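All remarks here apply to the structure that follows.
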Amino acid sequence: MGKFDGKQITGLVGGLVFRKGEDKTTIVQTRAVKVRQTKATKEAGSLFGKSSKLAKAIRTNLFSIVLDGYDKKMVNRLTKLTRELLTHCYKKDTKTFTFRPDSFDRLQGFEFNLKSPTTAKLWVKPEVKLIGNQLQVHLPEMQIPDQFQFPLGTNACEIRIAVAMMVLDQSLEHEGLFQSMEVNSDQTFIAAQQFNFEVPDGCFCVAGLNLYYYTRTQEGIRSSSGEKSFHPSAICGAIITPGTFVRPPAVRTANGGRASEWHDILGLSLATTGV
């Protein structure tokens, strides 16, 4: 039943709900109607929830390159792409997922900030490959400024490479790995570089790249470009390593306790079947 406080009506009146807005205006909405979900609707909702959790885990574990320099629609774009990939790997008859080493290939090239894409400054393609338990991110030789460009007002750049690691069938994640190198605008070329990361068996690995530009003075003072909107970062590869993941035992901490490098991804459950 609705109530009148002398100025506004609040509550349920017939099929309408009256409530106060933040600016003291009255907001009128239709009464919510319970909708009976079909089996297909529930399944689609479950896939969306898993996609959202997995996309969040990717973003979180690549935080060292993503930071807060992403466009407003990035979260939705990454969730949508992750959902498409999970849907492709989902088997309705068994309600399980089948993941192959290249199941997440389409993540390659995903830009976290469409307003400042990495492809606008980096004119070569990083290569990600797995050799044994070494995930290698290879940057070919680059000529400056033809293949690697500096924005006006900057003379240095930190090329950051990060790797996120997750175990999908056990809903585990590891703190992101990170390496970097510095290049300067007075160089004529950048020698080929290879970044190596130790990764375990049965692990979903996502490699990302960020170009962090700044200005370095003769006195050694360093200042960033200062523009939040200018933050090129992208996914340069994704792969699932072969084998079965075995969670290592917890290690003893400085205060005498025990802790694991791997943590649960809350709310994510991806039952799998073998390839």
Residues in region 97-116 that are of a type in the set (S, T, N, Q) and under 20 Å from PRO232 (Cα atoms): how many? 3
Yes/no for GLU158 being touching a residue at least 40 places away in the same chain (Cβ under 8 Å) and under 25 Å from the mean Cα position of the chain (by Cα): yes
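Check region 241-252 and report whether any residue there is at pLDDT 85 or above, among the hydroxyl-bearing types (Ser, Thr, Tyr) and surrounded by 16 or more Cβ atoms within 10 Å (Cβ to Cβ). Talk me through it step by step, then tell me what you get.
As a first pass, look at region 241-252 and keep what is at pLDDT 85 or above: 241-249.
Filter again for among the hydroxyl-bearing types (Ser, Thr, Tyr), leaving 241, 244.
So of that shortlist, the ones also surrounded by 16 or more Cβ atoms within 10 Å (Cβ to Cβ) come out as 241.
So far as region 241-252 goes, yes, one or more of its residues are at pLDDT 85 or above, among the hydroxyl-bearing types (Ser, Thr, Tyr) and surrounded by 16 or more Cβ atoms within 10 Å (Cβ to Cβ).
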As an exercise: evaluate LEU135 against (1) surrounded by 19 or more Cβ atoms within 10 Å (Cβ to Cβ); (2) farther than 29 Å from LEU266 by Cα and give the number of the one condition it does not meet. (2)
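Are there any strands (runs of 3 or more DSSP E) wholly within region 145-204 with 2 or more residues that are farther than 30 Å from CYS89 by Cα and of a type in the set (A, V, I, L, M), and if so which?
Where strands (runs of 3 or more DSSP E) fall fully within region 145-204 and carry at least 2 residues being farther than 30 Å from CYS89 by Cα and of a type in the set (A, V, I, L, M), they are 156-167, 172-184.
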Looking at GLU227 and the list (1) in a strand (DSSP E or B); (2) at pLDDT below 75; (3) not aliphatic (A, V, I, L, M), which single condition is not satisfied? (1)
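Mind checking whether some residue in region 76-87 is assigned to a strand (DSSP E or B), buried (at least 16 other Cβ atoms within 10 Å of the Cβ), in the same structural domain as SER185 (by TED's automatic domain parsing) and not small (Gly, Ala, Ser)?
Keep residues of region 76-87 that are assigned to a strand (DSSP E or B), which gives none.
No, region 76-87 contains no residue that is assigned to a strand (DSSP E or B), buried (at least 16 other Cβ atoms within 10 Å of the Cβ), in the same structural domain as SER185 (by TED's automatic domain parsing) and not small (Gly, Ala, Ser).
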Within region 101-120, residues modelled with pLDDT of 95 or more, charged (D, E, K, R) and in a loop (DSSP other than H, G, I, E, B) come out as ASP102
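Determine whether ILE144 is of a type in the set (Val, Ile, Thr), under 11 Å from the mean Cα position of the chain (by Cα) and more than 24 Å from GLN170 (Cα to Cα).
no
Does GLY45 satisfy the condition of being in the same structural domain as MET165 (by TED's automatic domain parsing) and modelled with pLDDT under 70?
On the way: in the same structural domain as MET165 (by TED's automatic domain parsing): yes; modelled with pLDDT under 70: yes.
So GLY45 passes the test.
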Test: SER64 is surrounded by 18 or more Cβ atoms within 10 Å (Cβ to Cβ) and more than 12 Å from the chain's Cα centre (by Cα): no
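MET142: over 27 Å from PHE189 (Cα atoms) and in the same structural domain as TYR212 (by TED's automatic domain parsing), yes or no? Even if it seems obvious, please write down each step before you answer.
Working: over 27 Å from PHE189 (Cα atoms): no; in the same structural domain as TYR212 (by TED's automatic domain parsing): yes.
Answer is no for this residue.
The values are calculated or read from the model by the stated rules, or taken from the named source; none is laboratory data. All values derive from a computational prediction rather than experimental measurement. Reconstructed Cβ throughout: ideal geometry from the backbone, glycine too, with neighbour counts over all protein chains shown.
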